[in-house]
There are 2 protein chains.
Amino acid sequence: MPGIGEKSATRLAFHLLRGPKQQSRDLAQALLDVTEKIRLCSVCMNMTETDPCPTCTDSRRQADVICVVASPSDQVAIDRGGHFRGRFHVLHGLLSPLEGIGPDDLRIAELVRRLAAEPLVTEVILATSPSVEGESTAMYMARLLKPLGVKVSRIATGLPVGGELEYSDQATIARAMANRAVM
Amino acid sequence: MPGIGEKSATRLAFHLLRGPKQQSRDLAQALLDVTEKIRLCSVCMNMTETDPCPTCTDSRRQADVICVVASPSDQVAIDRGGHFRGRFHVLHGLLSPLEGIGPDDLRIAELVRRLAAEPLVTEVILATSPSVEGESTAMYMARLLKPLGVKVSRIATGLPVGGELEYSDQATIARAMANRAVM
């Protein structure tokens, strides 16, 4: 498992063996519960215990905008701020030809079906990270979604809030200059 | 001097005393030269040996756009990429009421005079950092410059190139979402 090598695994195993038997039983049950109870929301593809998930059934959220993210943790990052009040769609990855990840490996077809089923949606925000994979995934999806008659937008790239020009990389400065906005 | 405390200063002083006398004389001469030769360009206020500076006299640069920066090092940061081919104006600081730095302490009046003298300029890009001081300086200057009939723009704030949503701060994510662009 990530961050746990042979040494850590051995230490954890002996810790469980030394501890009360109930602790191991509880952990085993929790693992079974996770496997049984957590599935993908049939609407937004995020992980959930109830289907549809609490985000999709939250009537206080706008029904006209869907924010597309690569992972559940990216959804958490955007939701934490509380500024965005629309809904989400989780791709579960990014396009990466080098790693053999194509469009069929992501939850893209589900989004296309969802857009057909939800005519209220007027905008899709592509909120994948401005990395190579994130940019190419956004480009691919824009080409796919625009013909469906929905407005497709991309989160802004530029200097981070509180960032300093002097310590920013050239690519970011070039984007910040190119994407400048009239005041 | 920044980064040089009492210990470093002592070490440097003894290094000079141990070394050849000519080394100290050369350093002293270089310091005198800097003080004598380097002044501010009368056009863009950047530091220069010749007035106007090489950037202002470079005829390959666009004469219609001026990029306003806080410091000479910020100008270097933007120029390094080679994407921006306009001219610059150096403010030599940012507004900071807490530190008692007001508009009269910056080279703002010089920019206003320059805009009157250079009718070819159609756009002023405010490229101060997205820090508190940088933002308020940009806001102040936009209010001042827009009535002069010039287009005033601001560099983009958002996720840096190669940045990850998951590890970005909430303010940056909120800006990246708010400043999203239609694809």
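Numbers for the structure displayed
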| read-out | value |
| --- | --- |
| Distance between modelled label sites at A:Arg80 and A:Arg113, nm, 7 Å Cα→Cβ extension | 3.2 nm |
| B:Gln22-A:Lys151 pseudo-label distance in nm [points 7 Å out on the Cα-to-Cβ vector] | 7.2 nm |
| Accessible surface, 1.4 Å probe, highest first, among residues A:Met1, A:Met183 | A:Met1, A:Met183 |
| Convex hull volume per residue in cubic angstrom - Cα atoms of the range A:7-85 | 142 Å³ |
| Per-residue average of Cβ from other chains inside 10 Å of B:146-158 | 5 |
| By average C-beta atoms within 10 angstrom, highest first, the peptides B:110-121, A:68-79, B:31-42, B:78-89 | A:68-79, B:78-89, B:110-121, B:31-42 |
| Relative frequency of Cα-Cα separations exceeding 20 Å in the range B:87-170, percent | 40 percent |
| Gain on full stretching of the segment that runs from B:Asp64 to B:Glu123 - 0.36 nm per residue minus C-alpha separation | 20.6 nm |
| Most to least packed among B:133-141, A:58-66 [average Cβ atoms within 10 Å] | B:133-141, A:58-66 |
| At 7 Å out from Cα toward Cβ: A:Met47 inter-copy label distances (nm, ascending) | 5.3 |
| FRET efficiency, 1/(1 + (r/R0)^6) with R0 22 Å, evaluated for A:Asp169 and B:Asp169 via beta carbons | 0.80 |
| Positive dipole terminus of the range B:1-100, leading residue within B:Gln29, B:Gly93, B:Cys56 (C-beta point charges) | B:Gln29 |
| Using a 7 Å Cα-to-Cβ projection, B:Leu12 label spacings across copies, nm, ascending | 5.1 |
| Shielding of B:120-129 by partner chains, average beta-carbon count, 10 Å | 3 |
| For the range B:22-51 versus the range A:13-84, the gap between their alpha-carbon centres in whole angstrom | 62 Å |
| Radius of gyration and maximum dimension Dmax of the range B:24-183, Cα, Å | 17.9, 61 |
| Cα gyration tensor of the protein assembly as shown - equivalent ellipsoid semi-axes, whole Å, descending | 50, 32, 18 |
| Acute angle (nearest 10 degrees) that the helix B:132-145 long axis makes with the longest principal axis of chain B, alpha-carbon atoms | 60 degrees |
| Per-pair calculated FRET efficiency, R0 = 25 Å: B:Met47 and B:Ala9 via Cβ, rounded to 0.05 | 0.50 |
| Nearest-ten-degree value, helix A:21-37 long axis tilted from longest Cα axis of chain A | 30 degrees |
| With every protein chain in place, chain A: carbon and sulfur % of accessible area (1.4 Å) | 59 percent |
| Highest-MSF residue in chain A out of A:Asp169, A:Asp105, A:Asp51 [GNM, Cα springs under 10 Å] | A:Asp169 |
| Inter-chain Cβ neighbour average for residues B:67-79, partner chain, 10 Å | 3 |
| Mean accessible surface per residue for the range B:40-183, computed with a 1.4 Å probe while every protein chain stays in place, in Å² | 46 Å² |
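The values are calculated or read from the model by the stated rules, or taken from the named source; none is laboratory data. For clarity, every value in this text was computed on a predicted model and none was experimentally measured. With ideal geometry, Cβ positions are generated from the backbone for all residues, glycine too; neighbour counts draw on all protein chains shown. For accessibility, only protein heavy atoms count, side chains too; no ligands or nucleic acids. Shrake-Rupley method; radii C 1.70, N 1.55, O 1.52, S 1.80 Å.
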